[in-house]
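The values are calculated or read from the model by the stated rules, or taken from the named source; none is laboratory data. The shown structure was predicted, so the numbers you read here are calculated from the model rather than taken from an experiment. Cβ atoms come from the backbone with ideal geometry, glycine included; neighbour counts cover every protein chain shown. Accessible surface is based on the protein model in full, side chains and every heavy atom, while ligands, DNA and RNA are left aside. Shrake-Rupley method; radii C 1.70, N 1.55, O 1.52, S 1.80 Å.
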Amino acid sequence: ARDYNLASGVMAMEWTVTLNTGTKAPAFGLGTWQSKPGEVAKAVDAALRAGYRSIDCAYAYGNEGEIGEALQKCFKEGVVKREDVFITSKLWNTDHAKEDVLLACQTTLKNLQLDYLDLYLIHWPVSLRKGSQIRSLTMEDRLGYNPEEVAECWKGMEELVEKGLVKAIGISNFTITKTERLLQTAKIVPAVNQVEIQPYFQQQKLKEYSQGKGILLEAYSPLGNPTRPIKLDDDPVVLDDPVMKEIATKLNATVAQVCISFALHRGLVVIPKTVNPARVVENLKSTELKLDAEDMRRLRDIDKNHRLLFGKIFWRENDNLENFWDVVEDEKFVVKPPEAKKQRSEETGQ
């Protein structure tokens, strides 16, 4: 949905989505993964002043303290009110035990200097041994995926909603198979599933499935994450795509802006990350692009079903791309046609 707001005499376009809680949220925000301390505060400050109203954080990024300082500065200076910013954070893999969820959330709230989060996600469905460090994981630290443990962890997440510490809860990096398993016991349906989605990995089936369950998909690394931890020699470069270059030229935009706009036009929430103040503004201008039906058709056709972020750091000895990401099981899963049809009709250019 698009709301047009007249601000300072300039017509600005705001993309919004509605969560299954009934809350409206911005469909566009700032990602803070790989944003170093010393840089991230400037990015958050620049983003809020430019008009961003959603910030995506996580305990594991190691920068929530600095983000908290930037948020408070902007609140105190009247740049924006707390209630007008949608703030997300994530529960780390070492804190999946139900009794650890509350303290983990409270730690994040303290770091961000907030009384509540708008959205709190289980960062990954796999667990790590309590106290283990991401930079020095042993095979013994990698505890893998345990559906019963995730179900218990979700109960802890649901209690955070009851306590008023978070407005909504969700998941991240969950496949169809793992989401289905969680829904067997969940009292609260996840509001969001944050996953890798970029033009070469569009995740249309997961999108149609999620739509049928009332779960919004949120795209991280929408530009293909050129700075990702592991690059393979045969990985395609998303930003070099000739179709996107043609559309960008036609619209007098950058390829990155077309990437972001494509995600928005598909009805996704999108959170491109940057610490460059000029890029913060450039990414925001993506919300002004209008892709027509032909643009959308051409962009859908460049999908290669090529995942660029594997979560390999969490793999156990017998893990591979297929079993870690439930590739076979998800392919077998049948999304009911009415759900797929409904989803298609909501996309621009369908």
Extreme residue, surrounded by the most Cβ atoms within 10 Å (Cβ to Cβ), among residues of the range 14-27 that are over 13 Å from ILE169 (Cα atoms), over 15 Å from the mean Cα position of the chain (by Cα) and in contact (Cβ under 8 Å) with a residue 40 or more places away in the chain
TRP15
For LEU239, only one of the following conditions fails: (1) open to solvent by 10 Å² or more (accessible area, probe 1.4 Å); (2) in a loop (DSSP other than H, G, I, E, B); (3) modelled with pLDDT under 95. What is its number?
(2)
Residue in the range 28-54 that is farthest from the chain's Cα centre (by Cα), counting only those that are of a type outside the set (Phe, Trp, Tyr), closer than 25 Å to GLY267 by Cα and not in a helix (DSSP H, G or I)
GLY51
Just to be sure I understand, how many residues within the range 143-166 are at positive phi and open to solvent by less than 40 Å² (accessible area, probe 1.4 Å)?
1
Residues being in a loop (DSSP other than H, G, I, E, B), hydrophobic (A, V, I, L, M, F, W, C) and open to solvent by 40 Å² or more (accessible area, probe 1.4 Å): count how many of those fall in the range 316-335.
2
Within the range 168-190, how many residues turn out to be under 25 Å from ASP115 (Cα atoms) and either within 12 Å of the chain's Cα centre (by Cα) or part of a strand (DSSP E or B) (or both)?
4
From the residues in the range 72-98 that are in contact with an Asp or Glu (Cβ under 9 Å, 6 or more places away or on another chain) and in a helix (DSSP H, G or I), which one is most open to solvent (accessible area, probe 1.4 Å)?
LYS73
Which residue pairs have Cβ atoms closer than 9 Å, lie 6 or more positions apart in sequence or on different chains, and pair a first residue in the range 70-84 that is charged (D, E, K, R) with a second residue that is open to solvent by 60 Å² or more (accessible area, probe 1.4 Å)?
ARG82/ASP115; ASP84/ARG53
I'd like the residue in the range 35-64 that is β-branched (Val, Ile, Thr) and closer than 23 Å to VAL17 by Cβ and, out of all such residues, is surrounded by the most Cβ atoms within 10 Å (Cβ to Cβ).
VAL44
When only residues in the range 111-141 that are part of a helix (DSSP H, G or I) and touching a residue at least 12 places away in the same chain (Cβ under 8 Å) count, which is least open to solvent (accessible area, probe 1.4 Å)?
LEU112
Of everything in the range 264-286, what is assigned to a helix (DSSP H, G or I) and open to solvent by 10 Å² or more (accessible area, probe 1.4 Å)? Give them in sequence order.
PRO277, ALA278, ARG279, VAL281, GLU282, LEU284, LYS285
Can you tell me how many residues in the range 176-207 are open to solvent by 10 Å² or more (accessible area, probe 1.4 Å) and touching a Phe, Trp or Tyr at 6+ places or on another chain (Cβ under 6 Å)?
1
